[in-house]
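One structure is given below, encoded as structure tokens.
The values are calculated or read from the model by the stated rules, or taken from the named source; none is laboratory data. Note that this is a predicted model, so its numbers are computed, not measured. Ideal geometry is used to build each Cβ from the backbone, glycine not excepted, and the neighbour counts take in all protein chains shown. Side chains included, ligands, DNA and RNA excluded: accessible areas come from the protein's heavy atoms. Shrake-Rupley method; radii C 1.70, N 1.55, O 1.52, S 1.80 Å.
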Amino acid sequence: MEKIPFVISPTDMAFALSETADTEIAGTIDEDILQMVIENSIPVYNVPQIQPQKSNTDLNTWESPSWLKLSVGIGGGLLLLFIILSLTLRNKVDEKTSELNFKNKELEVEIHERKIAEEKLKQYSLDLKNSNELKDLFTDILRHDLINPATVIKGYVEYLIEEENEEQKMEALKTIERNNKKLIYLIENAAHLAKLENMDELDFKTLDLKEIIEEVIDNLRPKLDEKGINIDFNPKSEYPADMNTTIEDVFSNLIGNSIKYSPAGSIITLNIEDMDSEWEVSITDEGEGIPDKDKPYIFDRFKRAHKVNVKGSGLGLAIVKRIIDLHEGTVEVKDGTNGKGTTFKVTLQKAKT
């Protein structure tokens, strides 16, 4: 054991004697305390003379040093601050824990809803697969089971018309022939559109737009001559583009519609413009035009502007739109020159050099 120059645990001490006690005892205690201070040679203890009370006895007290009181005060303050911080942090932790629990519940609900959505998506995918199978079956029926009888009817009606001399029967046969042609046209267009909608891409090769349009015009020459309609098409050069041969159906439909809806003796104007990386083909007629309310729907299946005494299935422009989409081009309809007639514009990618 080694003595140290300070007290580890200072304690205030007071000595009290009863009134009947010997006063020499108090003096002895004081002398002992003073002796202890002198032996240690350190002025740690404050031992004032005890003022005599009623009993005339002396009472000495001891007071801890100021640095110790300061240390205890600082320590207590730090302890209090620590407690406050602990409570604050605990509240923060409880708050964040509550927030996290709420988020977890939201996540559980979201996961549950997502599982339900996935199940619905699986069911929708299955229904779509079944629908596509039915669509393919219907397309096969169109291509084979319906077109064959219609073709047979066409052949017999043409034979009977050649052999028939009675006028009333002739009119009936021509009515059958006319409606049978309409039926064949509808079946062929429906089958063609169904085939196109099942395609994701086409095989392309470099073709000349000028040659394709000129060939379409030649094929439609009988209809042009029948109505006395002229085509104004003056190509200046070749117009190579990356296309599929189905592009011929686009111009057959568009030019055919222009002939159908144009008055006799009118002019249909065709132009090809250079649009940097694209060719823009415009077809303008002098017909009645298409009302603005009908323009957004004319490329939908079985939708067309109301035309009196004009036959059509409503599939032609839907076929045009699908073919142009597969070519990554655009097709749009606008009013013709000076608001008269109709203009269809088609853009196609130029041939890659």
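What to note about this one:
- Qualifying position, being open to solvent by 100 Å² or more (accessible area, probe 1.4 Å), at negative phi, modelled with pLDDT under 70 and in a helix (DSSP H, G or I), among K122, K169, K115, K129: K129
- Residue in region 234-273 that is farthest from the chain's Cα centre (by Cα), counting only those that are hydrophobic (A, V, I, L, M, F, W, C) and open to solvent by 30 Å² or more (accessible area, probe 1.4 Å): A264
- Just one of the listed residues (N46, N56) is open to solvent by less than 100 Å² (accessible area, probe 1.4 Å), modelled with pLDDT under 85 and either within 27 Å of T23 (Cβ to Cβ) or over 33 Å from the mean Cα position of the chain (by Cα) (or both), and it is N46.
- Those residues of region 178-216 which are free of Cβ contacts under 8 Å to residues at least 40 places away in the same chain, within 45 Å of the chain's Cα centre (by Cα) and more than 18 Å from D325 (Cα to Cα), in sequence order: L183, I184, D208, E211, I212, E214, E215, V216
- Whenever a residue of region 267-284 is within 13 Å of A241 (Cβ to Cβ), its partners that are assigned to a strand (DSSP E or B) and small (G, A, S), lying with C-beta atoms within less than 7 angstrom and at least six residues away or across chains, give the pairs W279/A241.
- Condition check for T175: within 37 Å of the chain's Cα centre (by Cα) and among the polar types (S, T, N, Q): no
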